[in-house]
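A short write-up of the structure that comes next.
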Amino acid sequence: MRAGRTRAALTALLAASALAVTGCGAEGSGSAAAEKPEKAAEAKPDGSGKDAQKDAGKEAGKDADAGSKAAPASLKFSSTTLDGKAFQGRKLADKPAVLWFWAPWCGTCRGQAAQTAQLADKYKGKVNFVGVAGLDKTQPMHGFVKTQKVGNFPHLNDQKGSVWEKFGITQQSSYVMLDKDGKTVHTGTPSSPDELNKLVSGLAG
């Protein structure tokens, strides 16, 4: 009887030990599960760092917008050059500018090309010159720049006519002249080479 009781006691003791071990495992699992949120919580500073980077990016964007807002309304436009580079009109700020609106097949434009290129060289650093090509495709535009030798200043590929529309241009060849504050001081086609010289000279001061 004593032996039976002893065995029963031992069996009960072993069962209790097994339950205790199982309980530790459960507590261990619970502990590990509890640690995960803590690790996640520890990772938050990194997350906040990313948020800070995003905030910095937003601030940079605001600065860029502020620069854009500071530009005159006439210079708030964007386009692409014939070389495929992005062009922002606000880059023309703080200097007078001559915008020459031309088309590759335009005889008047061909007649004005040499003088316009010469004036761009003469007033380089004082007056910004920009050609705005339209009413045709890219290849003829490139051909015009090459054959007429007007590659000494940038030309915009305005096939869609967005820049033409912004400045109210309805025909080629036309010049739009802006003072250093972006105010339009002349729009149209000069009646003679002398008039074009006088207009640009007056713009340069």
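Observations
- Selection count, the stretch 116-153, where residues are under 12 Å from L82 (Cα atoms), crowded, with 18+ Cβ neighbours inside 10 Å and of a type outside the set (A, V, I, L, M, F, W, C): 2
- Number of the exception - E165 against (1) in contact (Cβ under 8 Å) with a residue 12 or more places away in the chain; (2) closer than 14 Å to L99 by Cα: (1)
- Residue match in the stretch 111-132 (condition: of a type in the set (D, E) and within 25 Å of the chain's Cα centre (by Cα)): no
Only the coordinates and a few stated rules stand behind these numbers; no lab work does. If you're wondering where the values come from, they're calculated on a predicted model, not measured in any experiment. Cβ atoms come from the backbone with ideal geometry, glycine included; neighbour counts cover every protein chain shown.
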